[in-house]
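The values are calculated or read from the model by the stated rules, or taken from the named source; none is laboratory data. All figures in this text were calculated on a predicted structure; none of them were measured in a lab. Heads up, the Cβs are rebuilt from the backbone with ideal geometry, glycines too, and the neighbour counts pull from every protein chain shown. The area values use the complete protein model at the heavy-atom level, side chains included, leaving out ligands, DNA and RNA. Shrake-Rupley method; radii C 1.70, N 1.55, O 1.52, S 1.80 Å.
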Amino acid sequence: MGDNTKKNTTENARDDARSRFSGFQEKRMKIFGELVKMYWNRQLNSVDDLNRLTIHIMDKFGFAEQDIPFIKDHIRIAMGLNPKHGQPYSDELDLVKKSTAVSEPIIAKIAGVCELCDNKNCDGICKHEALIYRRSEEPVIENDKCLTCGNCVTSCDFGALADKIEFIPLIDMLKDENTTVFAAVAPAIAGQFGEDVTLGQLRTAFKLMGFADMIEVAMFADILTIREAFEFNRLVKKKEDFFLTSCCCPVWFNLTKKGYPEMFKHMSPSVSPMIASGRFLKELYKDAKVVFFAPCIAKKQEINEPELRGAIDFVINFRELAEIFNALDIHPEKLHGEEKDQASMGGRIYARTGGVSFSVKTVVNRLEPRRVIKLKAKKVDGVRNCKELLDTLSSGKDIDANFIEGMGCAGGCVGGPRTNIDKDISVKVVNEYGEDSLIMTPFDNLNVMKILKQLGANTIEDVIDNENISNLLSRG
């Protein structure tokens with residue numbers, strides 16, 4: 001075979017692959033939806049059922065027989081399992097039924113498809129600007145450099161990289177009347193399922209699925225806001241002192257920890273609101289399970305950090321939740337809303353850039369209204385901007401700020417890789433969601449004091465001084 005013939009054969013194969021794999025991010029969600037319907041309705045009980053599902057997906061989405069190993073691996077990933085690179089189904093359903101958590105690595109790699117892709121710019125996708133993977137028979141990820149921002153996953157239209165989906169192992173728990181499962185929702189959920197869909201309507205939707213209740217993680221953001229205000233007051237005493245918040249974003253936290261050890265010494269020891277919600281709920285409700293609903297992929301990795309493991313059982317993102325609602329024929333916009341005011345305006349606007357700084361400043365001003373060194377915030381978003389700020393701090397240059405807030409995604413959590421609506425629309429909705437709260441600042445949230453008292457607190461200072469509460473709010 002001549003060189004030109006070989007070249008034409010390769011190009012034809014890639015053209016054919018592009019037609020089959022085009023839009024795979026959306027196809028992947030539809031595969032997940034098919035899986036949800038079957039497993040929820042107890043129609044997925046054997047290897048034969050999995051094989052029938054595979055053929056159905058192949059026919060429905062125009063895949064070829066040669067793609068069957070690829071389809072099987074994506075079904076496994078959609079079940080929260082590792083790919084097996086072409087092996088036949090065997091113990092997948094047994095593994096799901098026994099699963100109480102999704103194992104690492106959270107981002108799975110699929111062999112073979114990279115050879116069909118003609119995108120030569122994979123290395124440029126990483127927001128960290130590190131050459132952390134390359135085109136070969138399969139992607140290569142250097143985990144010590146990866147920040148789990150998820151940009152590589154959402155940018156890969158051939159499905160060579162995919163984050164495991166954690167809902168299928170949860171279904172049996174939701175159907176078990178003896179298991180209490182809470183839905184803990186990130187503040188960025190406002191507006192994700194329709195601008196007019198309320199949190200109360202989402203609460204009703206979650207209860208229809210079998211959750212005991214839906215909890216606003218913004219309420220635990222309120223608790224952490226108070227804690228970080230006390231930390232700021234204790235640590236920032238001079239003009240040259242500064243404080244890095246650790247709240248919310250694991251990408252910001254990991255970037256600082258891995259790349260800037262000197263700056264990491266200034267990082268708050270507090271956990272994220274997600275981890276705090278899981279720890280507090282499990283302290284109050286023994287043997288409960290807690291599922292976090294998020295706009296990002298990095299949270300799936302965060303719950304597996306050794307010092308944080310056990311707080312949250314599963315993480316499901318907003319795009320996945322939209323597919324779950326669709327598969328189960330649940331329409332939040334048509335439901336009666338069970339409305340509750342759990343969080344302050346300050347806790348709710350954690351979802352967007354500057355929210356943490358605004359919230360902490362309101363509490364600092366309440367704790368020490370005549371403070372000489374005022375809180376002066378510097379807010380950055382996007383990995384590149386976070387890195388530039390850390391470089392500036394490391395060089396010793398004065399940035400004219402003493403409270404540093406970093407968010408890995410543009411716009412903050414509202415710009416996460418697994419959101420359902422445009423970032424700018426989300427910012428608007430989140431601000432309105434915050435303004436709708438009857439509780440203006442975390443300091444005014446009576447729900448916070450009620451929870452703290454249940455855990456042995458007598459005063460608001462116990463977020464720092466009470467050993468049990470401090471442990472729940474601290475890493476490690």
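Any idea which residue in the stretch 428-446 is nearest to THR245 (Cα to Cα), counting only those that are open to solvent by less than 20 Å² (accessible area, probe 1.4 Å) and assigned to a helix (DSSP H, G or I)?
For the stretch 428-446, the residue satisfying everything is PRO442.
Check LEU321, LEU328 and return the single one that is surrounded by fewer than 22 Cβ atoms within 10 Å (Cβ to Cβ) and either modelled with pLDDT under 95 or not hydroxyl-bearing (Ser, Thr, Tyr) (or both).
LEU328
Among the numbered criteria (1) at positive phi; (2) out of contact with any helix residue (DSSP H, G or I) (no Cβ under 6 Å at 6 or more places or on another chain), which single criterion is violated by GLY80?
Unmet for GLY80, out of (1) at positive phi; (2) out of contact with any helix residue (DSSP H, G or I) (no Cβ under 6 Å at 6 or more places or on another chain): (2).
Output the residues belonging to the stretch 390-407 that are part of a loop (DSSP other than H, G, I, E, B) and touching a strand residue (DSSP E or B) at 6+ places or on another chain (Cβ under 7 Å). It would help to see each step written out before you state the result.
Going residue by residue through the stretch 390-407, those that are part of a loop (DSSP other than H, G, I, E, B) are 395-402.
ILE399, ALA401, ASN402, listed by residue number.
Only residues that are open to solvent by 30 Å² or more (accessible area, probe 1.4 Å) and under 17 Å from ILE425 (Cβ atoms): list them for the stretch 195-210, please.
GLU195, ASP196, THR198
In the stretch 60-77, which residue that is in contact (Cβ under 8 Å) with a residue 40 or more places away in the chain and aliphatic (A, V, I, L, M) is most open to solvent (accessible area, probe 1.4 Å)?
Filtering the stretch 60-77 for residues that are in contact (Cβ under 8 Å) with a residue 40 or more places away in the chain and aliphatic (A, V, I, L, M), the one most open to solvent (accessible area, probe 1.4 Å) comes out as ALA64.
Out of all the residues in the stretch 362-389, which are touching a residue at least 60 places away in the same chain (Cβ under 8 Å) and either assigned to a loop (DSSP other than H, G, I, E, B) or among the charged types (D, E, K, R) (or both)? I'd like the intermediate steps shown before the answer.
Taking the stretch 362-389 first, the residues touching a residue at least 60 places away in the same chain (Cβ under 8 Å) are 362-364, 366-368, 371, 373, 375, 382-384, 386-387.
Once the filter is applied, which keeps residues that are touching a residue at least 60 places away in the same chain (Cβ under 8 Å) and either assigned to a loop (DSSP other than H, G, I, E, B) or among the charged types (D, E, K, R) (or both), the stretch 362-389 yields ARG366, GLU368, ARG371, ILE373, LEU375, GLY382, ARG384, LYS387.
I'm told GLU216 meets every condition in (1) free of Cβ contacts under 8 Å to residues at least 12 places away in the same chain; (2) closer than 30 Å to MET173 by Cα; (3) charged (D, E, K, R) except one. Can you identify the failing condition by its number?
(1)
State yes or no: is ILE316 open to solvent by less than 20 Å² (accessible area, probe 1.4 Å), within 30 Å of ILE171 (Cβ to Cβ), β-branched (Val, Ile, Thr) and within 25 Å of the chain's Cα centre (by Cα)?
On the way: open to solvent by less than 20 Å² (accessible area, probe 1.4 Å): yes; within 30 Å of ILE171 (Cβ to Cβ): yes; β-branched (Val, Ile, Thr): yes; within 25 Å of the chain's Cα centre (by Cα): yes.
Yes; evaluated as a whole, the condition is true for this residue.
Taking only pairs six or more apart or across chains, which ones have beta-carbon atoms under 9 Å, a first residue in the stretch 433-461 that is under 20 Å from VAL185 (Cα atoms), and a second residue that is surrounded by fewer than 11 Cβ atoms within 10 Å (Cβ to Cβ) and of a type in the set (A, V, I, L, M)?
Hits for this filter: ILE439/LEU446.
Could you please give the count of residues in the stretch 20-46 that are over 16 Å from MET79 (Cβ atoms) and in contact (Cβ under 8 Å) with a residue 24 or more places away in the chain? It would help to see each step written out before you state the result.
Of the stretch 20-46, the ones over 16 Å from MET79 (Cβ atoms) are 20-27.
Adding the requirement that they be in contact (Cβ under 8 Å) with a residue 24 or more places away in the chain leaves 20-25, 27.
Going through the stretch 20-46 one residue at a time, the tally reaches 7.
So which residues in the stretch 331-373 are of a type in the set (Lys, Arg) and at pLDDT below 95? Outline the logic, then answer.
Keep residues of the stretch 331-373 that are of a type in the set (Lys, Arg), which gives 334, 340, 348, 352, 361, 366, 370-371.
Selection gives LYS340, ARG366, ARG370, ARG371.
Go through (1) among the hydrophobic types (A, V, I, L, M, F, W, C); (2) in contact with a Lys or Arg (Cβ under 9 Å, 6 or more places away or on another chain); (3) at pLDDT below 95 and name the single condition LEU235 misses.
Result: LEU235 passes all but (2).
Out of curiosity, is GLN342 part of a loop (DSSP other than H, G, I, E, B), out of contact with any Gly (no Cβ under 9 Å at 6 or more places or on another chain) and either aromatic (Phe, Trp, Tyr) or crowded, with 16+ Cβ neighbours inside 10 Å (or both)?
Values: part of a loop (DSSP other than H, G, I, E, B): yes; out of contact with any Gly (no Cβ under 9 Å at 6 or more places or on another chain): yes; either aromatic (Phe, Trp, Tyr) or crowded, with 16+ Cβ neighbours inside 10 Å (or both): yes.
For GLN342, the condition - part of a loop (DSSP other than H, G, I, E, B), out of contact with any Gly (no Cβ under 9 Å at 6 or more places or on another chain) and either aromatic (Phe, Trp, Tyr) or crowded, with 16+ Cβ neighbours inside 10 Å (or both) - is met.
Is it the case that the stretch 195-207 has a residue that's modelled with pLDDT under 95 and either over 26 Å from MET449 (Cβ atoms) or of a type in the set (A, V, I, L, M, F, W, C) (or both)?
Here is the first cut: in the stretch 195-207, the residues modelled with pLDDT under 95 are 195-196.
Then drop every residue that is not either over 26 Å from MET449 (Cβ atoms) or of a type in the set (A, V, I, L, M, F, W, C) (or both), which leaves 195-196.
Checked against the condition, which is being modelled with pLDDT under 95 and either over 26 Å from MET449 (Cβ atoms) or of a type in the set (A, V, I, L, M, F, W, C) (or both), the stretch 195-207 yields at least one hit.
So how many residues does the stretch 40-59 have that are in a helix (DSSP H, G or I) and open to solvent by less than 10 Å² (accessible area, probe 1.4 Å)? Before the answer, list the steps.
Initially, the stretch 40-59 is screened for residues in a helix (DSSP H, G or I), giving 40, 47-59.
Those left that are additionally open to solvent by less than 10 Å² (accessible area, probe 1.4 Å): 50, 53-54, 57.
Residues that pass the stated criteria total 4.
Would you point out which residue out of ILE404, ILE425, ILE421 is open to solvent by 20 Å² or more (accessible area, probe 1.4 Å) and more than 19 Å from the chain's Cα centre (by Cα)? First the steps, then the outcome.
Values: ILE404 fails: open to solvent by 20 Å² or more (accessible area, probe 1.4 Å); ILE421 fails: more than 19 Å from the chain's Cα centre (by Cα).
It is ILE425.
Which residue pairs have Cβ atoms under 6 Å apart, sit 6 or more places apart or on different chains, and have a first residue in the stretch 315-330 that is over 21 Å from ILE107 (Cα atoms) and part of a loop (DSSP other than H, G, I, E, B) and a second that is modelled with pLDDT of 95 or more and open to solvent by less than 10 Å² (accessible area, probe 1.4 Å)?
Pairs found: ILE330/ALA205.
With the condition kept exactly as written, say whether any residue in the stretch 460-467 is of a type in the set (Val, Ile, Thr), outside any strand (DSSP E or B), under 20 Å from ALA218 (Cβ atoms) and at pLDDT below 95. Before you say what the answer is, go through the steps one by one.
Step one: of the stretch 460-467, the residues of a type in the set (Val, Ile, Thr) are 460, 463-464.
If we keep only those that are outside any strand (DSSP E or B) as well, we get 460, 463-464.
Add one more test, that the residue is under 20 Å from ALA218 (Cβ atoms), and what stays is 460, 463.
With the extra rule that they be at pLDDT below 95, the set shrinks to 460, 463.
The answer is yes; a qualifying residue exists.
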